[in-house]
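The values are calculated or read from the model by the stated rules, or taken from the named source; none is laboratory data. These numbers come from a predicted model, not from an experiment. Heads up, the Cβs are rebuilt from the backbone with ideal geometry, glycines too, and the neighbour counts pull from every protein chain shown. SASA here: full protein model, heavy atoms, side chains in, ligands and nucleic acids out. Shrake-Rupley method; radii C 1.70, N 1.55, O 1.52, S 1.80 Å.
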Amino acid sequence: MYKKNPQISMGTEPVKNLLFKLGVPIMLGMLFTALDNIGDAYFVSGLGVSQLSGILICAPIGQAIVALGLLFGNGAGAYVPRLLGSKDMDRANKVASTALYGSLLLGFIATILIFVNLEPILRALGGTHENISFAMTYARVYVPSLILNVFTVTMNSLNSSEGQARLVMVVNVLTAVLNFILNPVCIYTLKMGIAGAAYATVIAQGLATTVLVLNIAFKRSLFNFKISNISFDKDTLAPIFKVGFSTLTFQFLTSLSITLINTQAKKYGDSMIAGMGAVTRIMSMGSLMVFGFIKGFQAIAGYNYGAKKYDRLHEAIKTSVLWSTVFCVIFGLAMILFPTEIISLFSTGDTEMIHIGQQALRANGLSFIFFGFYTVYSSLFLALGKTKEGFLLGSCRQGICFIPIILGLPMIWGTNGILYAQPISDMISAVITVFMILPLHKKLMGHERQLEL
């Protein structure tokens, strides 16, 4: 039977149990999301390198539009647990409703604007004479469907915030499995080519949307998503945008980083674009799983911080850093030890693409061991409402550190500058994290001592 108030256990249940119950299901769901992204590239790679690079240059568009869902979804998702911890259900309903309808409105506007300017946008994202026609064929189907992604991303964040980790996992798994099945059917059996990959994605996202709508319709959520609950007052919007703007920026930086890699790789041909694009999708499998786990951690951290249970907050931080780092070490080692075997899955024998991909995978695998540590703390700052610190730290990996490196290093080091830009940025970001968390822990310990007095 559905438990009407699943959050109540966040303040009493053992922290490790909570992290497992909330973090691991979302983590597994994100694994399937990553496999979904990889599946597109895997099946399209059988059509040729230009076709593969064609869909890969469309990725920043998806990242940018989904960022609007994250603006509201992650902003509300970080704020709502604090409201639930302080038992303010009326405000939580306002925040959730405003987040859902606000994200859909902005997502709809952005989708239209991008669709009517599709070709110049794709050329700016790395389109070449060889791949632009394939990119256009894919994007004409893919881009209009992104409004479904906005809905799904927003609802997944809200569902995570109220403890519905299993629902998030189920939605992601169903979407990925259906997309993986439909890709070869649409591309090869129905002979739809690259457009088939886009149609497979649309159908799968339609299923995800249906499941989430039914969850709302059958009132299996704590929130009442009524239009009358929408509120544009400062107390509702300010906390959403404080965290949401940071998340929006992070997502745009991710989109920008992919774009910069594509544009830098463009001068070296489609094999370079395809190789780096494949590496990005492979590494996203690890990073998305960490992000999924951190979703659960963020809800626990926000709730217990709002309830002033600092001992539980400390335990959640320590356990999350340990578990995520162990995972990142294992994942990174797999990239270091088996790069040729992994990248070959995305090539039909293009030796240049394989050579590029295996070098980049080794380098990214080495730096990935710091990713869990960095992500726990960049998310923690936002969960605690410390938006300035969260924004600064979150902007490092694919913004403050990455942008000057990807723009400058290739001029000095050629293709190696493209291959090693992200790993170098990762290591610098980890060092910055160390210096930023020292005052945070000192402050949290001060709060804990005050409660003991």
Practice prompt. State all residues of the stretch 191-240 that are in a loop (DSSP other than H, G, I, E, B) and either at pLDDT 95 or above or on the phi > 0 side of the Ramachandran plot (or both); if no residue qualifies, say none.
Written response: K191, M192, G193, K219
Item to complete: Determine whether the stretch 293-303 contains at least one residue that is without any contact (Cβ under 8 Å) to a residue 40 or more places away in the chain and in contact with a Gly (Cβ under 9 Å, 6 or more places away or on another chain).
Response: no
Worksheet entry | Every residue from the stretch 175-206 that is open to solvent by 60 Å² or more (accessible area, probe 1.4 Å) and under 30 Å from S157 (Cβ atoms) | V177, F180, I181, Y199, I203
Fill in: Residue list for the stretch 403-443, restricted to those being of a type in the set (S, T, Y), over 16 Å from T375 (Cα atoms) and at pLDDT 95 or above
Y420
Discussion item. Any residue that is under 23 Å from V279 (Cα atoms), part of a loop (DSSP other than H, G, I, E, B) and open to solvent by 30 Å² or more (accessible area, probe 1.4 Å) - is there at least one of those in the stretch 367-383?
Written reply: no
Worksheet item: Does the stretch 391-423 hold any residues that are farther than 23 Å from I294 by Cα, in a helix (DSSP H, G or I) and within 26 Å of the chain's Cα centre (by Cα), and which are they?
Response: I403, P404, I405, I406, L407, G417, I418, L419, A421
Worksheet entry | Complete set of residues in the stretch 375-406 that are over 26 Å from I343 (Cα atoms) and hydroxyl-bearing (S, T, Y) | Y377, S378, S379, T387, S395
Discussion item. I'd like to verify a number: residues in the stretch 286-344 that are in contact with an Asp or Glu (Cβ under 8 Å, 6 or more places away or on another chain) and more than 26 Å from A76 (Cα to Cα), how many?
Written reply: 0
Worksheet item: Does F391 satisfy the condition of being of a type in the set (F, W, Y), modelled with pLDDT under 95, within 30 Å of L19 (Cβ to Cβ) and touching a Ser or Thr at 6+ places or on another chain (Cβ under 9 Å)?
Response: yes
Item to complete: May I ask you to verify whether L47 is closer than 18 Å to A299 by Cβ and either touching a residue at least 12 places away in the same chain (Cβ under 8 Å) or touching a helix residue (DSSP H, G or I) at 6+ places or on another chain (Cβ under 7 Å) (or both)?
Response: no
Discussion item. Taking the criterion of being in contact with a Gly (Cβ under 6 Å, 6 or more places away or on another chain), of a type outside the set (V, I, T) and open to solvent by less than 80 Å² (accessible area, probe 1.4 Å), would at least one residue in the stretch 83-91 satisfy it?
Written reply: yes
Worksheet item: Residue check: is R166 part of a helix (DSSP H, G or I) and among the charged types (D, E, K, R)?
Response: yes
Worksheet item: Which of the residues belonging to the stretch 10-21 are at pLDDT 85 or above and either in a helix (DSSP H, G or I) or under 20 Å from the mean Cα position of the chain (by Cα) (or both)?
Response: V15, K16, N17, L18, L19, F20, K21
Discussion item. Checking Q63 against (1) of a type outside the set (D, E, K, R); (2) modelled with pLDDT of 90 or more; (3) open to solvent by 20 Å² or more (accessible area, probe 1.4 Å), only one condition comes out false. Which one?
Written reply: (2)
Worksheet, complete the sentence: Matching residues in the stretch 208-220 (more than 19 Å from V143 (Cβ to Cβ) and either β-branched (V, I, T) or in contact (Cβ under 8 Å) with a residue 12 or more places away in the chain (or both)) number 7
Discussion item. Step by step: first the residues of the stretch 389-419, then only those that are open to solvent by 60 Å² or more (accessible area, probe 1.4 Å) and in contact (Cβ under 8 Å) with a residue 60 or more places away in the chain, then the one that is farthest from Q264 (Cα to Cα). Which residue is that?
Written reply: F391
Worksheet item: With G54, G46, G39 as the choices, which residue is farther than 20 Å from I294 by Cα and open to solvent by 20 Å² or more (accessible area, probe 1.4 Å)?
Response: G46
Worksheet entry | Filtered residues of the stretch 108-137 (kept if under 26 Å from L47 (Cα atoms) and small (G, A, S)) | A124, G126, G127, S133, A135
Item to complete: Would you list the helices (runs of 4 or more DSSP H) that sit entirely within the stretch 78-156 and hold 1 or more residues that are within 20 Å of the chain's Cα centre (by Cα) and at pLDDT below 95?
Response: 89-115
